[in-house]
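Below is one structure, written out as structure tokens; comments come after it.
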């Protein structure tokens with residue numbers, strides 16, 4: 001894939017772009033299209049929540065694209081400007097996946113940072129599997145899978161964290177619940 005339209009079509013056909021409009025997808029993937037080197041093609045792409053912590057705490061919707069050499073993420077800002085970042089695949093050390101009630105979250109641990117991406121649970125696992133395949137094929141070494149199924153206590157703790165983030169409960173109330181869930 002080389003064009004924004006090809007990348008968006010790829011995502012749309014596989015439901016890897018749920019919740020975004022055609023124009024939003026084109027604008028984000030156009031940033032990636034512009035950044036491609038003349039001999040570079042996108043082998044896999046999707047749309048997800050960047051810097052995902054919870055449904056209420058993330059860096060917004062971004063487009064992600066993988067080539068055989070790098071990962072690119074792009075976001076067109078509402079009031080002008082754009083966010084673009086690239087990570088060489090050689091710097092990706094591990095990928096892990098967690099499944100919650102609604103969202104799946106995968107983390108790419110890199111040499112200098114960790115990239116957390118959230119998306120609908122129904123498509124997150126197939127995307128995660130494809131990312132595993134890409135890293136194995138293009139980095140030349142096997143990756144360890146870490147699939148964690150959240151239990152009810154962890155999901156409930158996340159809800160309390162969202163309440164804390166929204167200012168509905170205090171830090172003290174959150175810490176008390178956290179100790180209760182961790183059995184302390």
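The values are calculated or read from the model by the stated rules, or taken from the named source; none is laboratory data. Only a predicted model underlies this, so the values are computations on that prediction, with no experimental measurement involved. Cβ coordinates were reconstructed from backbone atoms using ideal geometry, including for glycine residues, and neighbour counts include every protein chain displayed.
Looking at this structure, is residue 97 touching a strand residue (DSSP E or B) at 6+ places or on another chain (Cβ under 9 Å) and at pLDDT 90 or above? Taking the combined requirement at face value, the residue satisfies it. Anything in region 99-128 that is assigned to a strand (DSSP E or B) and surrounded by fewer than 16 Cβ atoms within 10 Å (Cβ to Cβ)? List them, or say none. Those that are assigned to a strand (DSSP E or B) and surrounded by fewer than 16 Cβ atoms within 10 Å (Cβ to Cβ): 109, 114.
Out of 20, 31, which single residue is modelled with pLDDT under 90 and under 16 Å from residue 7 (Cα atoms)? Only one candidate qualifies: 20.
Checking 102, 26, 83 one by one, the residue that is without any contact (Cβ under 8 Å) to a residue 40 or more places away in the chain and touching a helix residue (DSSP H, G or I) at 6+ places or on another chain (Cβ under 7 Å) is 26 and no other. For region 127-143, residues that are under 22 Å from residue 46 (Cα atoms) and at pLDDT below 70 total 1.
Among all residues of region 48-71, there is at least one that is loosely packed, with under 14 Cβ neighbours inside 10 Å, over 28 Å from residue 164 (Cβ atoms) and either in contact (Cβ under 8 Å) with a residue 60 or more places away in the chain or in contact with a helix residue (DSSP H, G or I) (Cβ under 7 Å, 6 or more places away or on another chain) (or both). Does region 109-130 include one or more residues that are more than 18 Å from residue 158 (Cα to Cα), touching a helix residue (DSSP H, G or I) at 6+ places or on another chain (Cβ under 6 Å) and without any contact (Cβ under 8 Å) to a residue 24 or more places away in the chain? Among the residues of region 109-130, at least one is more than 18 Å from residue 158 (Cα to Cα), touching a helix residue (DSSP H, G or I) at 6+ places or on another chain (Cβ under 6 Å) and without any contact (Cβ under 8 Å) to a residue 24 or more places away in the chain, which makes the answer yes. Exactly one residue out of 74, 90, 65 is in the same structural domain as residue 129 (by TED's automatic domain parsing), under 22 Å from residue 112 (Cα atoms) and over 18 Å from the mean Cα position of the chain (by Cα): that is 90.
In region 1-18, the residues that are under 16 Å from residue 75 (Cβ atoms) reach residues that are modelled with pLDDT of 95 or more and loosely packed, with under 15 Cβ neighbours inside 10 Å with C-beta atoms within less than 9 angstrom, at least six apart or across chains, in these pairs: 4/34.
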